[in-house]
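As structure tokens, the structure follows; a few thoughts come after it.
Every read-out reported here was derived from the displayed coordinates using simple, explicitly stated rules and does not represent laboratory data. None of these values were measured; they are calculated from a predicted model. Cβ: placed from backbone, ideal geometry, glycine included. Neighbour counts: every protein chain shown.
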Amino acid sequence: MELQNIIIIGFASCFVLILLLKIFYKKSDRVYYHTKALFTPAERSFFGVLSQAVSNQYLVFGKVRIADVVGIKKASNNSVRQIAFNKMASKHFDYVLCTKDTLSVVAVIELDDKSHLKEKTIHRDSLVENICRNADLTLIRFNVKASYQISAIKNKITASLNSSHDEL
């Protein structure tokens, strides 16, 4: 009889443990949620106009990690390399302009709203500019507006790309 009680208590204990683990994992699995949109309304609006402005020559990708576009040269000291990577690891470009045939990166585009006047964002913008300059990557900035002219965006991109080719 004693062995039977030990087996019953063992099964009951396992059942309670499994139940507790299910409850625990259910709560901890719920740390993620699905965002409703990739872009803010301002970013989406600009994306549409930008895509139209460059559609004959380029493809536009949005919210691309800087680390997917910019590499880090081998450094004599691994900590220098790690520090450089950490500075850009969690940052992204608003838009990346690529050739249609090879998907080579031609330029990156940042859309600046009023948050770019804040000290934290100014520091981030400075870092992104330094990364692009160091990597010889053309960075084109546009200010958020209520409306955009396709021709003005196209002209600014063309001028920026031409001037970056002149510098080489």
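Observations
- You can think of it this way: the chain between Lys91 and Ile8 has 24.3 nm of extra reach, that is 0.36 nm per residue less the Cα-Cα gap.
- Taking a straight line from the alpha carbon of Lys154, these lysines sit under 17 Å away, with near neighbours fewer than eight places off in the same chain left out: Lys100, Lys145.
- Going by neighbour counts of Cβ atoms within 10 Å, the residues Tyr95, Tyr33 line up, fewest first, as Tyr33, Tyr95.
- Residues whose amide H lies under 5 Å from that of Asp112, counting only those 5 or more places away or on a different chain, are Phe142, Asn143, Val144; hydrogens are built 1.01 Å from N in the peptide plane.
- Using a Förster distance of 41 Å, the FRET efficiency for Asn134-Tyr33 (Cβ separation, nearest 0.05): 0.70
- DSSP finds beta bridges in the chain, and of those with both partners inside it, around 65 percent are antiparallel.
- Length gained when the stretch Leu127-Asn143 is fully extended (0.36 nm per residue, less Cα-Cα span): 3.9 nm
- Cα-based equivalent ellipsoid, the chain: semi-axes from gyration tensor eigenvalues, Å: 50, 22, 15
- Angle between the chain longest axis and helix 78-88 axis [Cα atoms, degrees, rounded to 10]: 80
- For a straight C-alpha distance cut-off of 24 angstrom, the lysines reachable from Lys74 (same-chain residues fewer than eight places away being disregarded) are Lys87, Lys91.
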